[in-house]
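Reviewing the structure listed below.
None of the figures in this text is laboratory data; all of them are computed from the coordinates on show. Here the structure is a predicted model, which means the values were calculated and not measured. Note: ideal-geometry Cβ built from the backbone for every residue, glycine included; neighbour counts use all protein chains shown.
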C-alpha cells in the first residue's frame with residue numbers, strides 16, 4: 001500500500017475506535033495484529049484485542065472519542081497523534097467516577113501489511129489523564 005492509502009486506512013481506524021464497530025474492525029485489523037499496551041504484561045492480539053482496549057476506555061469514559069490530530073507516514077508505518085476526550089463516568093484504574101471532562105494526548109505508531117493494521121505501539125499520556133481525574137496532584 002502507498003503512504004496515501006495507509007493514511008486513509010488510519011482515518012477509517014479512528015472511526016472503528018470511536019464506534020467499536022466489529023465489522024469495520026474486521027476490515028482494518030489483521031487477525032494476527034499485535035497491540036502493545038502500557039501497563040499490560042503481554043500484548044493484545046487481533047481485532048478482539050483492540051476491542052478490549054476500547055472496552056477498557058469506555059468503562060471509565062463511556063462517551064470517549066478520539067480525534068486524529070496529525071500523522072507522519074513513511075513506507076508501511078504511521079506515527080499518529082490523537083486527542084482523547086470524554087467524561088469520567090466509571091471507575092478507571094481504581095479511580096471512581098468524578099464527572100470530570102478529560103482531554104488527553106496519545107502518540108501511537110502503527111505498522112501496516114496487506115491493507116490492514118498489524119501492529120500498534122501506543123503511548124497515551126496516562127499521567128496526564130490520571131491527574132485530570134484527580135488520582136495525582138497537578
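Just from its helices, what would the mean residue ellipticity at 222 nm be for the chain, if runs of 4 or more DSSP H residues each count -39500 (n - 2.57) and the sum is divided by every residue, rounded to the nearest 500 deg cm²/dmol? That comes out to -10000 deg cm²/dmol. Simple spin-label estimate for residue 135 and residue 24 gives 2.7 nm between the two label positions (7 Å along the Cα-to-Cβ direction from each Cα). The alpha carbon centroids of region 67-138 and region 20-61 are separated by 13 Å.
Counting only alpha carbon atoms, the long axis of helix 46-60 and the longest principal axis of the chain meet at about 20°. Translational diffusion of region 3-132 was estimated from the Stokes-Einstein equation, with Rh taken as the Kirkwood radius over Cα pairs; at 4 °C and 1.567 mPa s the coefficient is 87 µm²/s.
Relative to the current alpha-carbon distance between residue 56 and residue 85, full extension at 0.36 nm per residue lengthens the span by 9.0 nm. Ranked for footprinting exposure by Cβ neighbours inside 10 Å, fewest first, 61, 35 give 35, 61.
Cα axis of helix 3-19 to longest principal axis of the chain: angle in degrees, 0 to 90, nearest 10? On a 0 to 90 degree scale, this one is about 40.
Over region 66-138, the hull volume per residue, using the convex hull of the C-alpha atoms, is 99 Å³.
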